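Undergrad: First the structure, then my questions, so here it is.
Quick note: the coordinates plus some simple rules give every number you see, no bench work behind them. Here the structure is a predicted model, which means the values were calculated and not measured. Positions of Cβ are backbone-derived with ideal geometry, glycine not excepted, and every protein chain shown enters the neighbour counts.
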Amino acid sequence: MTADLDSPLNNDMELVARTQGGDPEAFDELIVKYTPRLYGLVYHMTSNHEDTNDLLQDIFSKAYRSMANFRGNSSFYTWMHSIAVNMTINFLKKRNRRQHPSLNDPDSNIENDPDFIAATSNGDPTKEVSIHELQKKLNAAMQKLSHDHRIVVTMFDIQGIAHAEIAKILKISEGTVRSRLFYAHRLLQNSLHEFKRN
């Protein structure tokens with residue numbers, strides 16, 4: 001997975017060099033390239049589209065302002081993800097101090113997404129209801145995880161990022177990534193076992 005992500009490395013470095021040289025169109029290309037992946041990362045952490053859109057603007061603004069400091073010691077991919085993760089976690093800490101996000105907020109539940117419903121129901125109302133309930137339970141369980149645990153689950157299980165790349169992005173060891181994943185998976189599995197018993 002990491003190899004695929006870094007395969008256009010030369011193209012990234014060329015765009016970075018052009019941006020550092022004062023070419024705003026080069027940075028626009030980087031925004032277009034990285035928005036879908038960063039959107040998924042931030043949304044799975046915030047569970048709110050409006051917050052995600054606001055954060056993405058802030059993340060790309062910070063990246064643009066910091067571009068002169070990017071020296072290529074890591075890939076641009078890793079550097080961008082580090083900025084996104086740090087800013088999102090800081091945002092969540094502030095938000096949690098202000099209020100607790102409601103798990104009943106329709107924006108935080110993927111089961112209301114028509115594409116998700118169409119892809120998973122196959123016209124079976126019973127199956128649709130059980131999938132909705134399961135997704136609600138999963139969403140609630142994800143929101144109960146600490147920021148540190150939620151981010152590794154999002155990156156590994158949802159985005160398919162390898163342990164080594166997660167470790168670079170979060171600036172932690174691969175062993176820490178694995179232990180956080182193990183702990184988070186156990187919590188999520190416990191939530192699912194409770195769901196099955198109900």
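Undergrad: Would you mind computing, in nm to one decimal, how far apart the modelled labels at N86 and E29 are, each placed 7 Å from Cα along Cα→Cβ?
TA: 2.6 nm
Undergrad: Moving to a separate point now. Cut-off 17 Å, label point 7 angstrom out along Cα-to-Cβ of R65: give me the residues of segment 149-185 whose amide nitrogen falls inside.
TA: Those under the cut-off are none; the list is empty.
Undergrad: Among T176, T154, rank each residue by its count of other Cβ atoms within 10 Å, from fewest to most, as a rough exposure measure.
TA: Final ranking by Cβ density, sparse to dense: T176, T154.
Undergrad: Sticking with this structure for a sec: Could you calculate the contour length gain from M13 to E50, that is, 0.36 nm times the residue separation minus the distance between their Cα atoms, to one decimal place in nm?
TA: Here the answer is 10.2 nm.
Undergrad: Could you work out how far apart the two model spin labels at E133 and N96 are, taking each label as a point 7 Å from the Cα in the direction of the beta carbon, and quote it in nm?
TA: 3.0 nm
Undergrad: Out of residues 5 or more away from I161 or on other chains, whose amide H comes under 5 Å of its own, with H placed 1.01 Å from N in the peptide plane?
TA: F156
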